[in-house]
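K.L.:
Let me give you the structure first, and then I'll get to my questions.
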Amino acid sequence: MRSYIALAVFAVVVATTGMSAQQGALQSAADALKVSTIKSLQVTGSGANFSVGQNYTASEPWPRVTVKSYTALINFDSNSMRTDLVREMGAVMPRGGGAPFFGEQRQTQVVSGNYAWNLGAPGPNGAAPMAQPNPDAAAERMLAIWTTPIGFVKGALANNATTKGNTVSYTVGGKYKVEGTINKQGQVEKVRTWFDQSIVGDMLVETTYSGYKDFGGVTYPSRMVQTQDGFPALDITVSAVMANPAVTIDVPQNVRGFQPAAVRVESQKMGEGVYYLTGGTHHSLAIEMADHIVVVDTPNNEARAAAVLAKAKELIPNKPIRFVVTSHHHWDHLGGIRTAMDEGATIVTHQSNKAFLERVAKTPHTIAPDRLASSKKAVKIQAVGDDYKFTDGKRVIELHRLQGYEHTGDMMVVYLPEQKLLGEPDAFTPPAQAGGGLIPPAVPSAKALSDNIKRLKLDVQVITPFHGNRTTNVAELEKAAAGPATN
Ligand SMILES: [Zn+2]
């Protein structure tokens, strides 16, 4: 009996000191936000999201896309969330990149535990939409739950958070640090987390919450602004919040059993020592020089880049890859650049990217270490102006920056005078079926490419686009650049 009481007293002392010294800010937030009474949440609003990794130049903000409606449904107990967006685009895209679309676009993004998927449009006769597995988005979407004000506090209470003044931090999933600041009213003002991004490494995602008010009994911010890698990525004005709606999110069978396809690099010989490397979503070129290889673009991620570099060496044996040219700085095309750095190649880029690539070469990758993080190789970057020529005395490779091109300010197209071949990403992707038209926002890009070919007086016989399923030519480009036929 005596020892039982002593133990109980000891427990109370530990709990009390813990509370007063460490838990003050966290407990005040738990009380102010009534966290223990909230199991699920629906948040509705509108505003904008931004095309991360698609800025016009590497130092500008991400391009903005209007979000007409935003609805997030969260179940904190099952660690699942569904976000429905209706985005809107006119005939002219904002300056910079991003997947072109026209009119209204519905997006549904779902996460449950380690599984992430997207839902397309409903099938015929209202059939349930098909789930598209998206495992690469799982970490980001899981962290989106734990960086909401209520999710943050729940996570802190469940994960042994440490408190320093008004800053509370903890780790989820063993590797993702989450850190938030709580004001005197017990409102979560800012939450920071980091997830892996193949180019910029441990990428900071910071969400700022402001304008807390009472939404029918739920204290919630009326505005949330999230930045990724320093620029706004999401900006939502909240119009309604509902506590404890029914939220059941089951992982579809095809998502649960999904195995990503093996990385495949196909090659098409475009002339002696010139190879068009396809087989994925983003294509590359491998060009043989007298005593080395030049590769143009190592896209997507480390796996794709490694496969592209291996294919180049298989097709052009016994020569090192001395140069890897980056067509432009957009993250989808640049995704494997650190693999190219680790290969020991000199990275050739437009001068406007030099500072960004120097940062990329050194940025910490502790969440998901890549090859360069392990090898710590010295990185060589060669910045070039608007026009540049490689030559080995025989073959010439020309690089030209597209002018008047709103998609990006640093697009270098590749021209091989001997083959009369032009390699270009994004400016013109021929429709899968010859004769198919472009959507209105894609027309100005095709026009810019056509104008630049004329300006530079390039004699182009074949165009190898870095997207799509076939090569094309100037005649088809010019037809597309003229826009939809008007009858
Ligand atoms: Zn691009």
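The values are calculated or read from the model by the stated rules, or taken from the named source; none is laboratory data. It should be emphasised that the depicted structure is a prediction, and the values quoted were computed from it without experimental measurement. As a convention, Cβ positions derive from the backbone with ideal geometry for all residues, glycine included, and neighbour counts pool all protein chains shown.
K.L.:
In the set 355, 368, 373, 312, which member is closer than 21 Å to residue 284 by Cα and not charged (D, E, K, R)?
P.N.:
Residue meeting the stated conditions: 312.
K.L.:
Taking the stretch 402-441 as the search range and keeping residues that are out of contact with any helix residue (DSSP H, G or I) (no Cβ under 8 Å at 6 or more places or on another chain) and aliphatic (A, V, I, L, M), which one is modelled with the lowest pLDDT?
P.N.:
Across the stretch 402-441, the extreme among qualifying residues is 432.
K.L.:
Filter the stretch 146-189 for residues that are of a type in the set (Val, Ile, Thr) and in contact with a Pro (Cβ under 8 Å, 6 or more places away or on another chain) and give the result. Steps first, answer last, please.
P.N.:
Just the residues of the stretch 146-189 that are of a type in the set (Val, Ile, Thr), to begin with: 147-148, 150, 153, 162-163, 167-168, 171-172, 178, 181-182, 188.
Residue satisfying the conditions is 188 alone.
K.L.:
Of all the residues that make up the stretch 137-181, how many are among the charged types (D, E, K, R), over 26 Å from residue 241 (Cα atoms) and free of Cβ contacts under 8 Å to residues at least 60 places away in the same chain?
P.N.:
First, pick out the residues of the stretch 137-181 that are among the charged types (D, E, K, R): 140-141, 154, 164, 175, 177, 179.
Narrowing the set further to residues that are over 26 Å from residue 241 (Cα atoms) leaves 164, 175, 177.
Filter again for free of Cβ contacts under 8 Å to residues at least 60 places away in the same chain, leaving 164, 177.
Count: 2.
K.L.:
Sticking with this structure for a sec: Taking the stretch 94-108 as the search range and keeping residues that are under 18 Å from the mean Cα position of the chain (by Cα) and touching a residue at least 60 places away in the same chain (Cβ under 8 Å), which one is farthest from the ligand (Cβ to nearest atom)?
P.N.:
If we take residues in the stretch 94-108 being under 18 Å from the mean Cα position of the chain (by Cα) and touching a residue at least 60 places away in the same chain (Cβ under 8 Å), then 101 is farthest from the ligand (Cβ to nearest atom).
K.L.:
Name the single residue, out of those in the stretch 380-415 being farther than 30 Å from residue 51 by Cα and β-branched (Val, Ile, Thr), that is farthest from the ligand (Cβ to nearest atom).
P.N.:
391
K.L.:
If we keep just the residues of the stretch 416-427 that are buried (at least 24 other Cβ atoms within 10 Å of the Cβ) and either more than 11 Å from the ligand (Cβ to nearest atom) or small (Gly, Ala, Ser) (or both), which is nearest to residue 327 (Cα to Cα)? Full working, then the answer.
P.N.:
In the first step, residues of the stretch 416-427 are kept if they are buried (at least 24 other Cβ atoms within 10 Å of the Cβ); the result is 422-427.
Then keep just the ones that are either more than 11 Å from the ligand (Cβ to nearest atom) or small (Gly, Ala, Ser) (or both); that gives 422-423, 427.
Numbers: 422: 12, 423: 9, 427: 11 Å.
Step by step, filter the stretch 416-427, then rank; the result is 423.
K.L.:
Tell me the helices (runs of 4 or more DSSP H) entirely within the stretch 282-399 that contain at least 2 residues that are in contact with a strand residue (DSSP E or B) (Cβ under 7 Å, 6 or more places away or on another chain).
P.N.:
Numbers: elements: 302-315, 331-334, 337-343, 354-362, 371-375.
Passing ranges, in order: 302-315, 337-343, 354-362.
K.L.:
Can you find even one residue in the stretch 316-323 that is away from the ligand (no atom under 16 Å from the Cβ), within 15 Å of residue 346 (Cβ to Cβ) and basic (Lys, Arg)? I'd like the intermediate steps shown before the answer.
P.N.:
Residues of the stretch 316-323 that are away from the ligand (no atom under 16 Å from the Cβ), as a first pass: 316-323.
Cutting the leftovers down to within 15 Å of residue 346 (Cβ to Cβ) gives us 319-323.
When the remaining residues are screened for being basic (Lys, Arg), the result is 319, 322.
Yes, the conditions are met somewhere in the stretch 316-323.
K.L.:
Additional query: List the pairs whose first member sits in the stretch 313-335 and is within 13 Å of residue 297 (Cβ to Cβ), whose second member is charged (D, E, K, R) and more than 16 Å from the ligand (Cβ to nearest atom), and whose Cβ atoms are under 6 Å apart, counting only residues at least 6 apart or on separate chains?
P.N.:
321/343
K.L.:
May I ask you to list pairs of residues, at least six apart or on different chains, whose Cβ atoms are under 9 Å apart, with the first in the stretch 425-451 being more than 19 Å from residue 408 (Cα to Cα) and without any contact (Cβ under 8 Å) to a residue 12 or more places away in the chain and the second being of a type in the set (Asp, Glu) and assigned to a helix (DSSP H, G or I)?
P.N.:
Correct list of pairs: 435/476.
K.L.:
Taking the options 92, 86, name whichever one is modelled with pLDDT of 95 or more, more than 30 Å from residue 170 (Cβ to Cβ) and aliphatic (A, V, I, L, M). Give the derivation first.
P.N.:
On the way: 92 fails: modelled with pLDDT of 95 or more.
On inspection, the qualifying residue turns out to be 86.
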